[in-house]
Amino acid sequence: MSENILEIAGACKFFGGLKAVNGVSFTVARGEMLGIAGPNGSGKSTLFNLITGVPFGPTSGEVRFMGERIDRWPAHRISRAGLVRTFQKDAEFPALSAHDTLLVSATYNGQLSRAQAEARIDNAFRSVDFGQTRRSMPSRELSVYEKKQLMIASALISEPALLMLDEPASGLTKPEIQRLDDLLVAVNRSGVTVLLIEHVLSLLLSVSQRLIVLNQGSVLAAGDPHDVVKNPQVIEAYLGGRS
Ligand SMILES: Nc1ncnc2c1ncn2[C@@H]1O[C@H](COP(=O)(O)OP(=O)(O)OP(=O)(O)O)[C@@H](O)[C@H]1O
């Protein structure tokens, strides 16, 4: 089995003349938590899109997951193979309870009996430390942090090997970001490889074993997070104006 769970080689996504992702190559080791940062519009979400096939694959380049080429696979095949993502927007069903939101994910996931689905739901709730009494609440009444927990729990329902999170800390307070930090570390330690797009640099520096910075669709720097943030090009392109 491949040491690298994900291998991206020369990935490009062009929208007409706009090179949103332009020749990106990197690998993700099994078990690692890899951070992705970069200025607005640098291609981070587009990179997630082309890896997961939601809503599109790459214009060119190769994506391998667990050694298999997936860049022409439909999105549902990619997620069922164990590569799952979240989106920047909350994805809960407002009128459904937190529990039933997870039941929808479990049902989408295929041939689970009701008992198997309930076991997965319970595991997913435990993985994100979701309060027992909140599980029957309509999702619209959950706090911002609880909606993030639910989003991550939804992604965990399929027991993915690789979880890709797109800005999970947006809208959270400092104490909530610390809780998210603990949650992500726990999920990663349970054996899930994590790819994390984030603008909250303190979170990225705390949880990532490696950091990639994108700029204008290309990799500007990659390596140890504390070294990457000292890179003069990264400071100029991304961090210059940030405190
Ligand atoms: N479906 C699309 N059609 C046309 N252009 C797009 C599309 N999706 C993204 N883009 C463009 O591609 C570029 C990269 O966008 P992307 O959303 O990947 O950046 P990002 O780094 O995730 O930004 P942010 O940090 O603001 O989320 C931007 O110029 C964006 O306008």
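Laboratory data are not the source of any read-out in this text; all were calculated from the coordinates shown. Just so it is clear, the model here is predicted, and its values are computed rather than measured. Using ideal geometry, Cβ is built from the backbone for each residue, glycine included, and neighbour counts are taken over all protein chains shown.
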(1) of a type in the set (A, V, I, L, M); (2) within 29 Å of residue 229 (Cβ to Cβ); (3) out of contact with any Lys or Arg (no Cβ under 8 Å at 6 or more places or on another chain); (4) surrounded by 14 or more Cβ atoms within 10 Å (Cβ to Cβ) all hold for residue 18 apart from (4)
Note: among 138, 160, 94, just one is closer than 29 Å to residue 50 by Cβ and either out of contact with any Cys (no Cβ under 6 Å at 6 or more places or on another chain) or surrounded by 17 or more Cβ atoms within 10 Å (Cβ to Cβ) (or both), namely 160
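Filtering region 203-217 down to residues that are part of a strand (DSSP E or B) and surrounded by 21 or more Cβ atoms within 10 Å (Cβ to Cβ), which residue is farthest from the ligand (Cβ to nearest atom)? Write out each step before concluding.
Going residue by residue through region 203-217, those that are part of a strand (DSSP E or B) are 210-215.
Imposing the further condition that a residue be surrounded by 21 or more Cβ atoms within 10 Å (Cβ to Cβ) reduces the set to 211-214.
Details: 211: 15, 212: 12, 213: 11, 214: 6 Å.
Ranking the qualifying residues of region 203-217, first place goes to 211.
Give 131, 171 a once-over and let me know the one that is on the phi > 0 side of the Ramachandran plot and in contact with a helix residue (DSSP H, G or I) (Cβ under 9 Å, 6 or more places away or on another chain).
On the way: 131 fails: on the phi > 0 side of the Ramachandran plot.
It is 171.
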Taking region 170-186 and keeping residues under 23 Å from residue 49 (Cα atoms), under 16 Å from the mean Cα position of the chain (by Cα) and surrounded by fewer than 22 Cβ atoms within 10 Å (Cβ to Cβ) leaves 170
Restricted to region 19-37 and to residues being in a strand (DSSP E or B) and away from the ligand (no atom under 16 Å from the Cβ), the residue farthest from residue 163 (Cα to Cα) is 25
Of 18, 6, the only residue that is free of Cβ contacts under 8 Å to residues at least 24 places away in the same chain and of a type in the set (A, V, I, L, M) is 18
